[in-house]
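Shown next, in structure tokens, is the structure this report addresses.
The values are calculated or read from the model by the stated rules, or taken from the named source; none is laboratory data. Keep in mind it's a predicted model, so treat the numbers as computed, not measured. Note that we place each Cβ from the backbone using ideal geometry, even for glycine, and neighbour counts take in every protein chain shown.
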Protein chains: 2
Amino acid sequence: MLQSDTVNIDDFDLKQIHDFAVDLARQAGQILINDSLTRNHNIQLKKNAVDIVTETDLKIENFIKLNIQKSYPDHKFIGEESYSTKNANEKTYLVDNSPTWIVDPLDGTVNFVHLFPMTCISIGFTINGKAVAGAIFAPFINQMYSAHKNGGAWLNETTKLPLQQTPISIDAPKGCIFSCEWGKQRGYTENSNLYKKVNSFINMAAEIGGRDGKGGMVHGVRSLGSASLDLCFVATGAFDIWWEAGCWEWDVCAGFIIVEEAGGIITTANPPTDYENVGIPPAQLGSRLYLAIRGCTDNTDAKETSKQSQERVIRQVWKRVDHLDYTRPGV
Amino acid sequence: MLQSDTVNIDDFDLKQIHDFAVDLARQAGQILINDSLTRNHNIQLKKNAVDIVTETDLKIENFIKLNIQKSYPDHKFIGEESYSTKNANEKTYLVDNSPTWIVDPLDGTVNFVHLFPMTCISIGFTINGKAVAGAIFAPFINQMYSAHKNGGAWLNETTKLPLQQTPISIDAPKGCIFSCEWGKQRGYTENSNLYKKVNSFINMAAEIGGRDGKGGMVHGVRSLGSASLDLCFVATGAFDIWWEAGCWEWDVCAGFIIVEEAGGIITTANPPTDYENVGIPPAQLGSRLYLAIRGCTDNTDAKETSKQSQERVIRQVWKRVDHLDYTRPGV
């Protein structure tokens, strides 16, 4: 049964919840490191050859779930692996107003299997359907990203994010690092999501004047294979723009609050019809369609506030990207 | 004047040269970290808006060059920045048989400016035009990759590479992580290198059966923005395949010996005409066209030696990639 009544956020100690998430993510990271040493990952396929799960994903999800149930028995829990088992077909969005933990026990499973260090544990917490606390721990690079509402975003609990306070490029997307992922849907026909994703990547990369005026000449195109870590690098300021579709609420929940607390904003990947003038809608957690822009300072040269700069960049991205299809029930 | 006589490699203490390179790379890494803290990179453009140099590149190159000249006054030195200043137009390949240090003081300059941690110092050493020692240090993730001929490849001087001893996927490129870069040439017309690069990326990513039989369904597509670190992750085994063109000898020199000592092989990115049967040529350091395959164990299921497995993967990549144009004088 979905919880439709709004919950009073003041009833929650978000700092305590944050600290609990950080501690849990770090413990889970130790399991990840230990399991990586065995080099035997017992890979199981899910939807296709690139959609995989290992025993480690299941073990860590179970560990996190048990700990949450012990400390917060009244809270809901949504984890990638238990969700996927139960909801393999319909993929309904289940997040409601209840206090809910949304967890990806191992984001970047392909990376983990190949021992590429961009892999992490992502633990998010929502109230009224919005992320309000989260921790993402990448044990192989020993980086802990965390935040809770109005508490700021942090690297290793000591360094405030973003790492540098700079305006965003006035020629954006020129001058920006553009982060994107090829994803798991690999059908490549004219109406497929992959076709439209790659078409959009090319627009962002191509020189100014190219691609019928859509060339964005971004500073660089980066693909790490982990949505959670992509969002962490938006929070640090390394990635100016993250445009991605096809991942799920457990891939982005903790990242949402970390980016927001670092001054970033997140909206939909899909350009609205009147993209030049429409108000910028906040991203819907379960929409699978995300566009994140890093935090920035006011741009005095351009006489823009930081928010105006971010909104300008969003419209410049929307101008260059295709409309993708990732509908699901409940959103 | 080019040194055409072959040099006797036995006259060199490669372990000592290796240790010197490691020490120098670590010291240079400290400069990189210190400069990153100022957050003021004074970016200068080179060929276009994405081909940049900072004061830090120049400072580190000078530091490395002076130290090499002090310890090895008879050796030649080729560094990205001093080379680029003198040879901006013709881009002639200058490496000959002489003992030569080939250095990228800061690989991943765009990453550095944005504080994305995939940035490194790359110090390679060649004799007779072949890389025989090298060190690559990524200070923001505190990883030192190094090797010298017949001495093995190492992470942080303590962990032997590759990290895991596994056969390579029998269905490769399916099951492989494919590493590639969008690069600095951003013209996108039917005969441009970017067009052909992206076309190749799509072939590697698309599902089996797609793209007129060229679909490779790789496990993942990764782009880090640093050729040197791409090669390090080939050496660890994380990246099964690295296919890249357009970078230079200083981007790959140290990486070549690190990959080779980790059991990997490197050939040309450009598919030969008779790609299914031709002998596999070793990559030419200055060719700007590279295809690296990670080290692997024999594949007993497929009754293949590791070398046969690697050569099979090379032909499977060649089947799927376009012929690129990166000619230059001297190669």
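Side notes on the structure shown:
- Residues satisfying the stated conditions in segment A:231-284, i.e. within 14 Å of another protein chain (Cβ to nearest Cβ) and of a type in the set (Val, Ile, Thr): A:Val234, A:Thr236, A:Ile241
- Filter result (out of contact with any helix residue (DSSP H, G or I) (no Cβ under 8 Å at 6 or more places or on another chain) and among the basic types (Lys, Arg)) within segment A:64-111: A:Lys70, A:Lys76, A:Lys86, A:Lys91
- Subset of segment B:163-213 that is aromatic (Phe, Trp, Tyr) and not in a loop (DSSP other than H, G, I, E, B) - its residue that is nearest to A:Val218 (Cα to Cα): B:Tyr195
- Cβ-Cβ contacts under 7 Å between residues 6 or more apart (or on different chains), taken from a first residue in segment B:273-290 that is on the phi > 0 side of the Ramachandran plot to a second residue that is in a strand (DSSP E or B) and crowded, with 16+ Cβ neighbours inside 10 Å, are listed as B:Arg288/B:Ala245.
- Residues within segment A:291-309 that are free of Cβ contacts under 8 Å to residues at least 60 places away in the same chain and closer than 23 Å to A:Leu229 by Cα, tallied: 1
- Every test in (1) more than 14 Å from B:Ser122 (Cα to Cα); (2) loosely packed, with under 15 Cβ neighbours inside 10 Å; (3) not charged (D, E, K, R) is passed by B:Val50 save one, and that test is (2).
- The requirement of being in contact with a helix residue (DSSP H, G or I) (Cβ under 6 Å, 6 or more places away or on another chain), in the same structural domain as A:His114 (by TED's automatic domain parsing) and at positive phi is fulfilled nowhere in segment A:9-26; no residue meets it.
- If you check A:Val50, A:Val22, A:Val7 for being touching a His at 6+ places or on another chain (Cβ under 7 Å) and among the hydrophobic types (A, V, I, L, M, F, W, C), only one passes: A:Val50.
- Boolean, A:Ser228 is more than 13 Å from chain B (Cβ to nearest Cβ), touching a residue at least 40 places away in the same chain (Cβ under 8 Å) and closer than 28 Å to B:Val218 by Cα: yes
- Comparison of B:Leu45, B:Leu37 shows that the only residue that is aliphatic (A, V, I, L, M), free of Cβ contacts under 8 Å to residues at least 24 places away in the same chain, closer than 30 Å to A:Lys160 by Cα and outside the structural domain of B:Lys184 (by TED's automatic domain parsing) is B:Leu37.
- Selection from segment B:201-217 of residues that are at the interface with chain A (Cβ under 10 Å from one of its Cβ atoms) and surrounded by fewer than 17 Cβ atoms within 10 Å (Cβ to Cβ): B:Ile208, B:Gly209
- Candidate set: segment B:189-200, residues that are surrounded by 20 or more Cβ atoms within 10 Å (Cβ to Cβ) and in contact with a helix residue (DSSP H, G or I) (Cβ under 8 Å, 6 or more places away or on another chain); chosen: the one farthest from the other protein chains (Cβ to nearest Cβ): B:Ser200
- Condition met for A:Phe77 (of a type in the set (A, V, I, L, M, F, W, C), away from every other protein chain (no Cβ under 14 Å) and in a strand (DSSP E or B)): yes
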